[in-house]
Amino acid sequence: MTELTQEQETDSKVWSQDFIKGMTEEGESLSEINPESGPLGGSAAKAHSHGGDSHGGGAGVPDSSRAGRLTSYKLADFPAITGREEDWRFTPLKRLRGLDRVGIKGQELNGAAPVVEVSKPDGVTVETVGRDDARIGTAGIPEDRVAAAAWENFKEATIVTLPAEFAGTAENVTTLTLTGQGDTPAAAHIVVQAKKFATGVVVLDHRGTAVLSENVEVVVEDGANLTVVSIQDWNDDAVHASAQHITVGRDAKVKHVVINLGGDLLRTTPSARYTSTGGDVEMNGLFFADAGQHLEQRLFVDHSTKHCKSRVTYKGALQGEGAHAVWIGDVLIRAEAEGTDTYELNRNLILTQGARADSVPNLEIETGLIEGAGHASATGRFDDEQLFYLQARGIEESVARRLVVRGFLNEVIQSIKVPALEERLRDSVERELAATPQ
């Protein structure tokens, strides 16, 4: 792949008593961020009441730090979105179909939530509960106006629970198929819990037509090992904004995979926070943008605890006039997060003229006492030498191009470790490639 627009590589290692060049033991002096006791403090704890809608929030001080972002359960705490905000500057607001204007000039979020169909192994529980269930709101607080509107307007939540020491396998997968119910703006809320030392896979499979604002909470307790796969394979007219909050306990591991394929506009904002030491977060993503599609992924990994690890790998392909992909990767290493090991990577492959990819990796470090930290980003087209190599061995150009793209995206597909799901995604990529203009 020939890189055209951006290549950023940083890497740092700390051995024995050595520090990162240019930093002291205390790290850089940055602006004040949320205190330890706040919703985004070291324990990622929150304090709010579950009485009706009387939830707290409003934490965070606007500043240059990613941790200073406003968080609140209340829609009124967020100003109207203009498109000039850093968090919204890439998003075509007119195509959000009113999700950004809830509460303004009578705009409502009162459509029918997606119908949920469940396939699960024995031992896993899936419940439909009311807004007052104490398990709701434990993983995160809305960070933007769209997510806050979904919080205020969802009527029921779906809660998936893997019990303590549950031993799931690649064949015992819990799948929630969420089928949209039309183009009236709607809200949805999902909670996925992996109790202590549980192991398993949960798939959220979005289909049909919808204009949906969704909050997903993922709670991974101490010693658990959970894979969550969120597939957005909507009809071509769908609009979907999904805020996905992850908390990771002591020595717990979570693999979070986002697959963005179908829909007019998809905006996925996963965030991960650690509640204790030894947590391991892997965030992978695959996206394939066709003509006119807008696929936006904004990630945040908040290293607030010692000796935790994170790896981020997102890859995407784009084809057709007006295809647009956005990837923003924010990683924060707080002053107290000594021993952190983190790396994030984004790669974009442009298949045709008229497509555009924006990629912005951000790494914020407040301590030099870390194992390693780095990020990389690149956007490019087909490598002519790769195509020549394949064609020189008798492979037709169209077939050679498909082989290159399949190999490029297969890393993310293989990371899921669920054979049936991997086969489905390979088929989806094949269908996308079959429509690629030559």
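What the table shows:
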{"quantity": "Residue match in region 143-156 (condition: touching a residue at least 24 places away in the same chain (Cβ under 8 Å), buried (at least 22 other Cβ atoms within 10 Å of the Cβ), closer than 28 Å to L421 by Cα and out of contact with any helix residue (DSSP H, G or I) (no Cβ under 9 Å at 6 or more places or on another chain))", "calculated": "no"}
{"quantity": "Any hit, region 230-253, residues being of a type in the set (K, R) and closer than 18 Å to V129 by Cα", "calculated": "no"}
{"quantity": "Region 182-191: number of residues that are surrounded by fewer than 19 Cβ atoms within 10 Å (Cβ to Cβ) and either small (G, A, S) or free of Cβ contacts under 8 Å to residues at least 60 places away in the same chain (or both)", "calculated": "1"}
{"quantity": "Among the residues listed as A198, A224, A238, A194, the single one being open to solvent by less than 10 Å² (accessible area, probe 1.4 Å), among the small types (G, A, S) and within 30 Å of I104 (Cα to Cα)", "calculated": "A238"}
{"quantity": "Strands (runs of 3 or more DSSP E) lying entirely in region 183-299 (those with 3 or more residues that are of a type in the set (K, R))", "calculated": "none"}
{"quantity": "Only listed residue being modelled with pLDDT of 95 or more, closer than 24 Å to H294 by Cβ, open to solvent by 10 Å² or more (accessible area, probe 1.4 Å) and assigned to a strand (DSSP E or B), chosen from T179, T161", "calculated": "T179"}
{"quantity": "Residue ID - most open to solvent (accessible area, probe 1.4 Å), chosen from residues in region 260-271 that are in contact (Cβ under 8 Å) with a residue 60 or more places away in the chain and either more than 22 Å from I141 (Cβ to Cβ) or hydrophobic (A, V, I, L, M, F, W, C) (or both)", "calculated": "D264"}
{"quantity": "Residues of region 421-436 that turn out to be without any contact (Cβ under 8 Å) to a residue 40 or more places away in the chain, of a type in the set (A, V, I, L, M, F, W, C) and either open to solvent by 60 Å² or more (accessible area, probe 1.4 Å) or in contact with an Asp or Glu (Cβ under 7 Å, 6 or more places away or on another chain) (or both), as a count", "calculated": "1"}
{"quantity": "Count of residues meeting criterion [closer than 12 Å to V281 by Cα, free of Cβ contacts under 8 Å to residues at least 40 places away in the same chain and assigned to a loop (DSSP other than H, G, I, E, B)] in region 308-343", "calculated": "1"}
{"quantity": "Test: residue in region 344-359 that is touching a His at 6+ places or on another chain (Cβ under 8 Å), surrounded by fewer than 20 Cβ atoms within 10 Å (Cβ to Cβ), touching a residue at least 12 places away in the same chain (Cβ under 8 Å) and of a type in the set (K, R)", "calculated": "yes"}
{"quantity": "Search result, residues across region 112-158 that are polar (S, T, N, Q) and assigned to a strand (DSSP E or B)", "calculated": "S119, T125, T128, T158"}
{"quantity": "Odd one out for V173, checked against (1) touching an Asp or Glu at 6+ places or on another chain (Cβ under 8 Å); (2) open to solvent by 10 Å² or more (accessible area, probe 1.4 Å)", "calculated": "(1)"}
{"quantity": "Among the candidates G249, G320, residue that is on the phi > 0 side of the Ramachandran plot and surrounded by fewer than 24 Cβ atoms within 10 Å (Cβ to Cβ)", "calculated": "G320"}
{"quantity": "Candidate set from region 272-291 (those that are among the polar types (S, T, N, Q) and over 19 Å from S359 (Cβ atoms)); member that is least open to solvent (accessible area, probe 1.4 Å)", "calculated": "S276"}
{"quantity": "Test: residue in region 97-111 that is over 19 Å from N172 (Cβ atoms), assigned to a strand (DSSP E or B) and at pLDDT 95 or above", "calculated": "no"}
{"quantity": "Residue list for region 366-399, filter: open to solvent by less than 30 Å² (accessible area, probe 1.4 Å) and assigned to a strand (DSSP E or B)", "calculated": "G372, A373, G374, H375, A376, S377, A378, T379, G380"}
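The values are calculated or read from the model by the stated rules, or taken from the named source; none is laboratory data. Fair warning: this is a prediction, and the values are worked out from it, not measured in the lab. Note: ideal-geometry Cβ built from the backbone for every residue, glycine included; neighbour counts use all protein chains shown. Just so you know, the surface numbers come from the protein's heavy atoms only, side chains and all, with ligands and any DNA or RNA stripped out. Shrake-Rupley method; radii C 1.70, N 1.55, O 1.52, S 1.80 Å.
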